[in-house]
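Following: one structure in structure tokens, then a few remarks.
Bear in mind that the values in this text are calculations on the coordinates, not laboratory data. Since this is a predicted model, take the numbers as computed values, not measurements. Neighbour counts run over all protein chains shown; Cβ positions are idealised from the backbone, glycine included.
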């Protein structure tokens, strides 16, 4: 039985190659990698293969089951991270140069790759108006394939109220961690900030990437345009130049409120246009990494 269709495999390979290019290109420009030392911690078992060393055979398990299994370990450092990614419908908006979700998933994959390269433990949580995927932090390189597969399969689902899921997600994270949240935060800014504070209240380091499209920031539509609310399906046709000033005032107030509120709450806020070079964002992660360490 074929578990993955050829189209899915090709998409995943392309995604992996693009991510590798981003990360390796970035690392070439660094003088040193700011990771700390690490220890090894037991992860799970796999079946013993004839000819392998016997040093990691679980003899107690062999006595109980009469089968031979080898202990597997994962590398664990003093940094545990969760990448929390919003894939509600608004994240799939694309004004012509690539959607927000394409940019966000590539960013999430690059961050995960970088963390695992530094032997940091990284997990992934995806959500819309419910939690759609949850992977606990692990620090072995083979884990990256699972995370990337999950990222390439995200669909435009869910809408209003999605960020309320963050509160439940914060409650589910038991150990102090670095929390990286990637979203367009298109909800009432007061509700967004309240949700983000749940992570800080639990003593986590919180890093936010606020993903936007250049048309959302500039609103430079030149002709009469029909706008569709991707989450409610509501449509409205307007002359953009008639509402541009009011739109930009509201948009800038939204961003300013989030930026100020995050700063006051000790949350690192990063507004990110989809044209922003990935190197800039990875560097911000490394700076936060050093601060957390």
Most packed first (mean Cβ within 10 Å per residue), the peptides 272-285, 100-113 order as 100-113, 272-285
So if I take the alpha carbon set of region 80-292, get Rg, then get Rh from the Kirkwood formula, what is the Rg over Rh ratio? 0.96
I need the calculated FRET efficiency for the pair residue 140 and residue 263, taking r as the beta carbon distance and R₀ as 35 Å, to the nearest 0.05. 0.45
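Rounded, prolate or oblate: pick one for region 81-203, where a ≥ b ≥ c are the square roots of the eigenvalues of its C-alpha gyration tensor, a/c under 1.5 means rounded, and failing that, prolate if a/b is larger than b/c, else oblate.
Since a/c reaches 1.5 but b/c is at least a/b, the shape of region 81-203 is classed as oblate.
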Would any residue of region 239-268 have its amide N under 20 Å from a label point 7 Å out along Cα→Cβ of residue 280? List them or say none. 251-260, 262-263, 268
Peptide ranges 235-243, 256-264 listed from the most packed, as the mean C-beta count within 10 angstrom indicates: 256-264, 235-243
Relative to a virtual label point 7 Å from the Cα of residue 94 in the Cα→beta-carbon direction, which members of region 199-218 show backbone nitrogen distances below 18 Å? 211-216
List the relative contact order of region 80-292 as a percent without decimals, with contacts defined as Cα pairs under 8 Å and 6+ residues apart. 22
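Multiplying the sequence separation of residue 194 and residue 239 by 0.36 nm and subtracting their Cα-Cα distance, what value in nm do you get?
Details: separation 45, 0.36 × 45 = 16.20 nm, distance 3.48 nm.
Fully extending the segment from residue 194 to residue 239 adds 12.7 nm.
Region 148-192: Rg/Rh from Cα coordinates, Kirkwood Rh?
Ratio of gyration radius to Kirkwood radius for region 148-192: 0.99.
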Roughly what would the spin-label model give for residue 220 and residue 56, points 7 Å off Cα along C-beta, in nm? 5.4
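Provide the packing ranking of 135-147, 51-63, 208-220, i.e. peptides ordered by the mean count of other C-beta atoms within 10 Å per residue, highest first. Each step should come with its number before you reach the end.
Working: 135-147: 16.8, 51-63: 10.8, 208-220: 18.7.
Result, highest mean Cβ count within 10 Å first: 208-220, 135-147, 51-63.
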Taking R0 as 22 Å and r as the Cβ-Cβ distance between residue 246 and residue 273, the FRET efficiency 1/(1 + (r/R0)^6), rounded to the nearest 0.05, comes to 0.55
So how do 287, 180 line up by other beta-carbon neighbours within 10 Å, fewest first? 287, 180
